[in-house]
Every structure is written in structure tokens, then in C-alpha cells.
Amino acid sequence: MQFLKILFWSLLAFVAAVFTFGNWTNVSVQLFGGLVAEVNLPLLLLTTFLLGFLPTLIYQHWIRFRLRQRLTAAERSLESALATARAAEAPAIHVPAAIHVPPAEPPAPAAPMGAA
């Protein structure tokens, strides 16, 4: 799979390089106030692509960040609810603080066999 990724990006870079060399022409861009800017076509296309792509990319990252935050909060809430449910299910065992056990008395000596 890694090979296919490398192949894809290499082909994309090759196509971009061929396009750039084939279209290396100056384009006149009319600016405000009667100004004219001479810009290379590949640079102009890259700039317009980034102007459209970057806000979308930033928005997408922001949405993913917010969803991760919401997921983390939901997981914490679920864990808290499960802990509360487990505590309610467990029977309450009361253990007294101190249990007094009297000492055992030694057993009385046994009578010898045959002695009545």
C-alpha cells in the first residue's frame, strides 16, 4: 500500500511539473486602481487553489477537533454513569469497626482410656 501512495504522489508531482513547464507564460491580472500585475500562470493557479483549499482545510480540522472534544466528554460521562450504576448494584456490606472475640479456654484434659 505504501508503494501505491508513493507512486500516486510521484505521478501527481510529475504531471504538475509538466503542466508548469508547458504553461510558463505571463498573465496580466487587472487590479484595483488601474494597476496591472504580470504573474506566471502556474503561480496564479497555485495561489487560487490555496485560497480555496486552506479555509476548507482549517474548517475541517476545527470540526474534527470539536468532535474529538465532544467524544471525550461523552466517554467521561459514560464512565461516570457506569461507575455510579456499579456502585448502586453492589450490596452494601457493613463491617463493624472492632469485633470482640473472647479468648478460647484450653480444653480439659482427657481421661485415660479404661479409667472409669
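The values are calculated or read from the model by the stated rules, or taken from the named source; none is laboratory data. Predicted model only: the values in this text are computed from it and were never measured. All Cβ positions, even for glycine, are placed from backbone atoms using ideal geometry, and neighbour counts span all protein chains on display.
For this structure, a couple of remarks:
- The condition of being aliphatic (A, V, I, L, M) and touching a residue at least 12 places away in the same chain (Cβ under 8 Å) holds for only one of 41, 31, 12, that being 41.
- Some residue of region 88-104 being assigned to a helix (DSSP H, G or I), more than 18 Å from the chain's Cα centre (by Cα) and either surrounded by 10 or more Cβ atoms within 10 Å (Cβ to Cβ) or modelled with pLDDT under 85 (or both): yes
- Residue 46 vs. criteria at pLDDT 95 or above and assigned to a helix (DSSP H, G or I): no
- With respect to (1) under 27 Å from residue 16 (Cα atoms); (2) assigned to a helix (DSSP H, G or I); (3) modelled with pLDDT under 95, the lone exception for residue 60 is condition (3).
Yes or no, residue by residue, for (1) out of contact with any Ser or Thr (no Cβ under 6 Å at 6 or more places or on another chain); (2) surrounded by 10 or more Cβ atoms within 10 Å (Cβ to Cβ); (3) of a type in the set (Val, Ile, Thr):
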{"residue": "33", "(1), (2), (3)": "yes, no, no"}
{"residue": "48", "(1), (2), (3)": "yes, yes, yes"}
{"residue": "55", "(1), (2), (3)": "yes, yes, no"}
{"residue": "62", "(1), (2), (3)": "yes, yes, no"}
{"residue": "69", "(1), (2), (3)": "yes, yes, no"}
